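Here is the structure we will look at.
The values are calculated or read from the model by the stated rules, or taken from the named source; none is laboratory data. Please read these numbers as outputs of a predicted model, since none were measured by experiment. Because the Cβ atoms are built from the backbone with ideal geometry, glycine has one as well, and the counts that use them run over all protein chains shown. Areas reflect the complete protein model, heavy atoms only, side chains present, ligands, DNA and RNA absent. Shrake-Rupley method; radii C 1.70, N 1.55, O 1.52, S 1.80 Å.
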Amino acid sequence: MDMEKLVALCRRRGFIFQSSEIYGGISGFWDYGPLGVELKRNIKEAWWNDMVRNPPLAPGGEDIAMVGVDCSIIMNPKVWEASGHLGGFADQMLDCKKCRKRFRADKVFCYFLTEGPIPMLEFQGPLMKDSWTPTKTLSCEANDTNEAFSILQAMHKRLVEKKKLRPSLEFVTHQTPLDVPRRWKLPCPDCGDEGELTEPRSFNLMFKTWVGAVQDDSSVAYLRPETAQGIFVNFRNVLDSTRLKLPFGIAQIGKAFRNEINPRNYIFRSREFEQMEIEFFCHPDESMKWYQYWRDVRIRWYTQLGIQSERLRPREQGKEELAHYSIGTTDIEYLFPFSEEPQELEGVAHRGAYDLTQHAKFSGKDLSYFDEQLWERDKSKYPDAKAAQEAKSKEPYRFMPHVIEPSAGADRFALAVLCEAYAEDEIGGEARTVLRFHPRLAPVKAAVLPLVNKEGMPAKAHALYRQLKGSWNVFYDDKGAIGRRYRRQDEAGTPYCVTIDGQSLQDDTVTMRDRDTTQQWRVPIAAVADELRRRLEPTL
Ligand code: GAP
């Protein structure tokens, strides 16, 4: 699939626009247009319905307890001290002193060219200039080693063709992300100038602002880089106001902001995006069971919404990749057309008791959980009030819950849905572009089309449109030849078209047309709503 075609379609049909486009845009920010906003709302509603209101049953067949919150974007900066974001939420960055571009160190790859026998290079430690000096070095930015390999190979070929490199310069050495300290001067991946890259430096990804009238250190605040912390700091409030018992989850959908160094791949990595996060609190002894449960539930959710399973893969992170708080994390990845390696759609992380422990420490508040039921069962075992009081304040009655966190990106999923849905085929010898959205996610569920704009057809069509739009987002279109109107709906991903034609005036039936098969069949006009309901809302 050609990403450029998808991006063009998204703009042309009103899915996604560049933010502030008339002023030349702003890197890493996007706007959703009339069709895009419906698609994204459908994604968030599907998530909220399937995970918060009606989550799949627990492995033992019990109901899952889940509630939602909607927290502020700006919180007390202490939250970010406790969570570790102020200290550690940073990327290693390098700058080119010449062209002033900034790069993530782990996304810059380089190749070493040499003449004569090829030295063995193992990138396990710092490379010393003295140990081996390449004749020339090429570098590029890429998502992964495979992508880097093809870019650098093409670069090498071009330079040889342009006679800027001698063909005798060979390279078969490793390419590696630039996270290894180096002593020699590397070329900038953008302007190509050698010796202009700085050493890697830490760069915090949080957006800073000031709260109130005075802009000094005491009023500094941050736009949240994840919605999760709003949930952790409200753990006690939710517990006290709902009297929920473990295990239970707290969910939130909302905006998050990261000053990403290199926003790239359309809406895949942006600076403002939306997350759909669950913090599922459980007893430490049961945490692995729930980690498994959420991995399975979340993978199934994507496939149920039409993501082909072979493009979707769960990947257990290696120990070296894990965030400082995580005991284990599974990335649910999707093979996007812009990369040779699947990329993260969602992370399901086992966060242990890290966050609650940190917030308890920094706030001085007790965020532990008290198992009342267990205490009621055991309390008579203790001989006197003092022994009972002492036991009550400790394990197994009082403890820090463990947390399993399925954390998904609404925009990343929207991009996966668009990539997955995009298809080009041929209908009656004519090429068409179609977005084969799952009906639950399709921005427009049905289009109502009078065959011609006369003979009473518009009135009948309009009455049907008014009836249907009470239940779904439907579209009325009376402009142009019927074939062209079908194509327009196919391109917008509308699953069904309903056409009012000559026969409708005689027997009150209409033609329904299926987007994917293009099959048509007749239905009594009075039965259209039921027919649509049956097709659009099958139980998951
Ligand atoms: N609370 C955990 C957390 O935030 P994360 O892996 O950094 O974990 C979770 O983010 C999800 O948020 C990702 O899997 C991705 O879908 C989405 N996400 C993260 N950064 C993003 C960005 N710059 N642009 C779009 N989506 C992003």
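Of the residues making up the range 32-60, just one is within 22 Å of residue 207 (Cβ to Cβ) and either open to solvent by 70 Å² or more (accessible area, probe 1.4 Å) or aromatic (Phe, Trp, Tyr) (or both), namely 32. Taking the criterion of being open to solvent by less than 60 Å² (accessible area, probe 1.4 Å) and without any contact (Cβ under 8 Å) to a residue 40 or more places away in the chain, would at least one residue in the range 219-242 satisfy it? Within the range 219-242, one or more residues are open to solvent by less than 60 Å² (accessible area, probe 1.4 Å) and without any contact (Cβ under 8 Å) to a residue 40 or more places away in the chain. Note on the range 479-540: enclosed helices (runs of 4 or more DSSP H) holding 2 or more residues that are farther than 17 Å from residue 463 by Cβ and either among the hydroxyl-bearing types (Ser, Thr, Tyr) or open to solvent by 10 Å² or more (accessible area, probe 1.4 Å) (or both) are 482-492, 528-536. When the range 420-463 is filtered for residues that are open to solvent by 10 Å² or more (accessible area, probe 1.4 Å) and assigned to a helix (DSSP H, G or I), the ones remaining, listed by number, are 420, 458, 459, 460, 462, 463. Here the condition is being of a type outside the set (Asp, Glu), in contact with a helix residue (DSSP H, G or I) (Cβ under 8 Å, 6 or more places away or on another chain) and either at pLDDT 95 or above or within 15 Å of residue 266 (Cβ to Cβ) (or both); of 415, 435, it holds for 435 alone. Go through the range 248-265 and give me each residue that's farther than 15 Å from residue 72 by Cβ, surrounded by fewer than 20 Cβ atoms within 10 Å (Cβ to Cβ) and either free of Cβ contacts under 8 Å to residues at least 60 places away in the same chain or more than 7 Å from the ligand (Cβ to nearest atom) (or both). Scanning the range 248-265 gives 248, 259, 262, 264, 265. Here residue 294 fits the description: touching a Pro at 6+ places or on another chain (Cβ under 7 Å) and either on the phi > 0 side of the Ramachandran plot or modelled with pLDDT of 95 or more (or both).
Can you name the residue in the range 209-232 that is in contact with a Cys (Cβ under 8 Å, 6 or more places away or on another chain) and outside any loop (DSSP other than H, G, I, E, B) and is also nearest to residue 251 (Cα to Cα) among such residues? Of everything passing the filter in the range 209-232, 231 is nearest to residue 251 (Cα to Cα).
Taking helices (runs of 4 or more DSSP H) as the structural unit, those lying wholly within the range 1-115 and holding at least 3 residues that are more than 30 Å from residue 195 (Cα to Cα), touching a residue at least 40 places away in the same chain (Cβ under 8 Å) and more than 22 Å from the chain's Cα centre (by Cα) correspond to 78-83. Among the residues of the range 252-293, what is the count of those that are assigned to a helix (DSSP H, G or I) and either aliphatic (A, V, I, L, M) or touching a helix residue (DSSP H, G or I) at 6+ places or on another chain (Cβ under 9 Å) (or both)? Looking only at that region, the number is 1.
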